[in-house]
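Notes follow once the structure below has been shown.
The values are calculated or read from the model by the stated rules, or taken from the named source; none is laboratory data. A quick note: this is a predicted structure, and the numbers were derived from the prediction, not measured. All Cβ positions, even for glycine, are placed from backbone atoms using ideal geometry, and neighbour counts span all protein chains on display. Just the protein is used for accessible areas: all its heavy atoms, side chains included, with ligands, DNA and RNA removed. Shrake-Rupley method; radii C 1.70, N 1.55, O 1.52, S 1.80 Å.
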Amino acid sequence: GTAQIGVTGLAVMGRNLARNFARNGYTVAVHNRTAAKTEELVSDFGDEGAFLPATTPEELVESLERPRRVLVMVKAGAPTDAVIEEFAPLLEKGDMIIDGGNAHFEDTRRREQALRERGIHFVGTGVSGGEEGALHGPSIMPGGSAESYDSLGPMLGKISAKAEDGTPCVTHVGPDGAGHFVKMVHNGIEYADMQLIGEAYQLLREVGGYSPAEIAGIFRTWNTGRLDSYLIEITAEVLAHTDAATGEPFVDVVLDQAEQKGTGRWTVQSALDLGVPVSGIAEAVFARAVSGHADLRKTSRHLAGPTPRKLSEDEAATFADQVEQALYASKIVAYTQGFHQIAVGSEQYGWNIDLGRIAAIWRAGCIIRAAFLDRVTRAYDAQPGMVSLLADQGFADETAAAQDDWRAVVATAVTNGVPTPGFAATLAYYDSLRAPRLPAALTQGQRDYFGAHTYHRTDRPGTFHTLWGGDRSETGS
Ligand code: NBP
């Protein structure tokens, strides 16, 4: 065979990745269960590069140079297993199956192990950037063996997004499920980013009294500063959009029930398993869940709330600046939590993930791409073993400068009855980290009281228990 890569699964993502490879000079073998999609790709985009259409898995495999690289872009879950089972028997030792779908990292660990035993490299790969990213340059998060990355890395580097300094947004994340794990946390952070932006919007609207069009303008201004990011940019576009049918702001005619495909939920489930506090991300997932419970909301609409205080024009302008501070500080915390989860996951699964490289490959191509991630990259470059993003002096200084406004915004939200679970949870996390003492000591006392669960003391080592039901003397050593 002569093709450097084969792509099976030619829905939006697979088709666009295949085109991206072809546009970059690679010969791409293409295959889809329903052959019409393969024909469509070749007839619509055949002039963009060298495509070798295949009608069967056998034909695709035959058209590939060795070691073979088969990129699977089908629906995550059972379809991915089915496609792997179709192709694996056709492959030889040293060949590679790359899964670019949104697989759960535990599935990737299982598949990688099973294929490794058959001599095939399985490369579970996170791909972010949606349809457009797939075509013009996504952020790519491959896991799997170092050997497979030697073969694949240069090709992935070609089709990936490039950061402003020219670095391709791809790195070998780590063995087996590391790539899909990091993609999962990326999506969790994306949920948090979106929720925090949503809270900022809601406050500007309900407390600041601004119209959606005015808020679009505020976001556009923010987008020229430290909040410069894809999500802020598209938020302004959505807010500025007018519904053609009604002439109303688009955001006012969309049903306010957020849906989800599950990667945010996976992030939180994994965080619970790993014992990592990702409260900002969790609140974002829960906020979508709350929005979706239409009946619950309907039966609760009569519940009492405060009388909102209208701000003057000057007060509103000041408030908007405060909201920018709150949004930025909350964003720092959400990323702190996400990177902490990656650090703990890396430790737990033995992945040895370089957090600085992860920040670097998120600088372009992916949904959370932002100027901010260049700062995160530099922070990890300066202090590779950093336990928390807040350990970076720059971020600590920025939260210090933002904290008064951050607190004022959360207080204003509470006083006015505007829900800001993201702003509040990230601030609580920040204050929990700062606190010299936490009520966890009291929790330990309660646990010891009702369950003899024992406790440790601050003044000497050992494990202790107080005889709560008896003379309340202390036992233990
Ligand atoms: P879909 O997730 O909609 O999957 C459709 C593709 O899967 C079609 O090619 C379909 O073939 C194929 N397929 C199915 Br369904 N069952 C199959 C089976 N049993 N055997 C063989 N092929 C089967 O496509 P997508 O939106 O392009 O996404 C592809 C992957 O990329 C997914 O895992 C997705 O989560 C992930 N992803 C998507 C995005 C995004 O923005 N959409 C971003 C990042 C990652 P057919 O044509 O014959 O039905």
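All conditions but one from (1) in a loop (DSSP other than H, G, I, E, B); (2) over 20 Å from G137 (Cβ atoms) apply to L10; the one that does not is (2).
Only helices (runs of 4 or more DSSP H) whose full extent lies in the stretch 30-137 are considered here, and the ones with at least 2 residues that are away from the ligand (no atom under 14 Å from the Cβ) are 35-45, 57-62, 105-117. Restricted to the stretch 196-219, and to residues there that are under 21 Å from R375 (Cβ atoms) and not aromatic (F, W, Y), the residue that is surrounded by the most Cβ atoms within 10 Å (Cβ to Cβ) is A200.
For G166, the conditions (1) away from the ligand (no atom under 15 Å from the Cβ); (2) closer than 27 Å to I281 by Cα all hold with the exception of (2). In the stretch 138-152, the residue that is nearest to the ligand (Cβ to nearest atom) out of those that are surrounded by 16 or more Cβ atoms within 10 Å (Cβ to Cβ) and within 17 Å of I358 (Cα to Cα) is P138. Checking P384, P419 one by one, the residue that is in a loop (DSSP other than H, G, I, E, B) and surrounded by fewer than 14 Cβ atoms within 10 Å (Cβ to Cβ) is P384 and no other.
Within the stretch 45-63, the set of residues being among the charged types (D, E, K, R) and either more than 33 Å from the chain's Cα centre (by Cα) or closer than 10 Å to A3 by Cβ (or both) comprises D47, E58, E59, E62.
Just so you know, in the stretch 259-268 the residues that are closer than 20 Å to E199 by Cα and open to solvent by 50 Å² or more (accessible area, probe 1.4 Å) include one that is modelled with the highest pLDDT, and it is R265. Taken over the stretch 26-53, the criterion of being among the aliphatic types (A, V, I, L, M) and buried (at least 23 other Cβ atoms within 10 Å of the Cβ) is satisfied by V28, A29, V30, L41.
Applying the selection to the stretch 153-175, what residues are open to solvent by 10 Å² or more (accessible area, probe 1.4 Å) and over 18 Å from N24 (Cβ atoms)? E164, D165, T171, H172, P175 - these are the residues of the stretch 153-175 that are open to solvent by 10 Å² or more (accessible area, probe 1.4 Å) and over 18 Å from N24 (Cβ atoms). Taking the conditions exactly as written (closer than 30 Å to A411 by Cα, surrounded by 20 or more Cβ atoms within 10 Å (Cβ to Cβ) and without any contact (Cβ under 8 Å) to a residue 60 or more places away in the chain), does L355 satisfy them or not? Criteria not met by L355.
One line per residue, one yes/no per condition, for (1) crowded, with 24+ Cβ neighbours inside 10 Å; (2) part of a helix (DSSP H, G or I):
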| position | (1), (2) |
| --- | --- |
| L311 | no, no |
| A316 | no, yes |
| A320 | no, yes |
| S330 | yes, yes |
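Checking each residue in the stretch 85-97 for being under 22 Å from A146 (Cβ atoms), open to solvent by 10 Å² or more (accessible area, probe 1.4 Å) and either in contact with a helix residue (DSSP H, G or I) (Cβ under 6 Å, 6 or more places away or on another chain) or not acidic (D, E) (or both) picks out L91, K93, G94. T27 falls short on exactly one of the conditions (1) within 16 Å of the ligand (Cβ to nearest atom); (2) under 14 Å from V7 (Cβ atoms); (3) among the β-branched types (V, I, T), and that condition is (1).
Residues that are buried (at least 20 other Cβ atoms within 10 Å of the Cβ) and without any contact (Cβ under 8 Å) to a residue 60 or more places away in the chain within the stretch 102-127 comprise R111, L115, I120, H121, F122, V123, G124, T125, listed in sequence order.
Of all residues in the stretch 1-12, count the ones that are surrounded by fewer than 24 Cβ atoms within 10 Å (Cβ to Cβ) and within 13 Å of the ligand (Cβ to nearest atom). Number satisfying all stated conditions: 2.
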